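Below is one structure, written out as structure tokens; the observations come after it.
The values are calculated or read from the model by the stated rules, or taken from the named source; none is laboratory data. Given the structure is predicted, the values throughout are model-derived calculations rather than measurements. As a convention, Cβ positions derive from the backbone with ideal geometry for all residues, glycine included, and neighbour counts pool all protein chains shown. Ligands, DNA and RNA are stripped out before the accessible areas are found, and what is left, the full protein with its side chains, is counted by its heavy atoms. Shrake-Rupley method; radii C 1.70, N 1.55, O 1.52, S 1.80 Å.
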Amino acid sequence: MTQTQPAPAPEVLAAFEAADGFMPVDEGLALYAAAVEAAERTGLPVLEIGTYCGRSAILLADAARRTGTVALTVDHHRGSEEQQPGWEYHDTTLVDPEVGLMDTLPRFRRTLHRAGLEQHVIALVGRSPQVAAVWGGRLALVFIDGGHTDEHATGDYEGWAPHLADGGLLVVHDVFPDPADGGQAPYRVYLRALAEGFEEVAVTGSLRVLRRAVR
């Protein structure tokens, strides 16, 4: 990573801060810098797993616009486990009244539209392992920020890390070494990636950026 990291324009950062979601600004800026670096170096798309309402997708889309590539977002848009009724992060305004289930896709699309970034994003609506199984291309960056159970986090890693180009970046969110700070599934994925040859290149809050070795 370079010493002077690329940063989004003020209007892009303002759109990020205004969007629904949970990523802090410092972690968002680190994600943006990683996406620009990886896309510039490889010319390949960047991908996130776990889109919710599009907060981090704004930054990935702007990084794609800046580097002449595209951002891919993978989400079934029915909400992760902690966003279901009765859980801490449930938002009743995101429930589709006709079917009674979470549906974050409309909010996500409005978020991108307001930010002027729709044309730089391909939304892949489906479950991560299923989408990964039919994806045939290489990627500059994979950002894991989907479900935080071991099943989901491991599935995201096993499904998408193999698609990273040599020297590509794996970004894992909500990595908490201390169980008192949060769930451990992303931390276990992070440790596995290190054990399997990824090199850590940046740490910002709970965000970890790792580079795939050139094979």
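Structure values in brief
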item	result
Filter result (loosely packed, with under 14 Cβ neighbours inside 10 Å, in a helix (DSSP H, G or I) and either touching a helix residue (DSSP H, G or I) at 6+ places or on another chain (Cβ under 9 Å) or modelled with pLDDT of 90 or more (or both)) within segment 85-96	93
Filtered residues of segment 45-66 (kept if farther than 22 Å from residue 152 by Cβ and open to solvent by 30 Å² or more (accessible area, probe 1.4 Å))	65, 66
Residue count for segment 184-199, restricted to those that are touching a strand residue (DSSP E or B) at 6+ places or on another chain (Cβ under 7 Å) and open to solvent by less than 70 Å² (accessible area, probe 1.4 Å)	6
Test: residue 99 is open to solvent by 50 Å² or more (accessible area, probe 1.4 Å), in contact (Cβ under 8 Å) with a residue 40 or more places away in the chain, among the β-branched types (Val, Ile, Thr) and out of contact with any Gly (no Cβ under 9 Å at 6 or more places or on another chain)	no
Residue among 140, 165, 185 that alone is touching a Gly at 6+ places or on another chain (Cβ under 7 Å) and small (Gly, Ala, Ser)	140
Test: residue in segment 1-24 that is over 21 Å from residue 140 (Cβ atoms), among the hydrophobic types (A, V, I, L, M, F, W, C), modelled with pLDDT of 80 or more and surrounded by 22 or more Cβ atoms within 10 Å (Cβ to Cβ)	yes
So residue 36, is it part of a helix (DSSP H, G or I) and either in contact (Cβ under 8 Å) with a residue 24 or more places away in the chain or hydrophobic (A, V, I, L, M, F, W, C) (or both)	yes
Residue that is most open to solvent (accessible area, probe 1.4 Å) [pool: residues in segment 162-183 that are touching a residue at least 12 places away in the same chain (Cβ under 8 Å) and farther than 21 Å from residue 26 by Cβ]	166
Conditions (1) closer than 26 Å to residue 68 by Cβ; (2) in contact (Cβ under 8 Å) with a residue 60 or more places away in the chain; (3) crowded, with 18+ Cβ neighbours inside 10 Å: number failed by residue 137	(3)
Breaking point among (1) touching a strand residue (DSSP E or B) at 6+ places or on another chain (Cβ under 9 Å); (2) open to solvent by less than 30 Å² (accessible area, probe 1.4 Å); (3) modelled with pLDDT of 95 or more, for residue 115	(1)
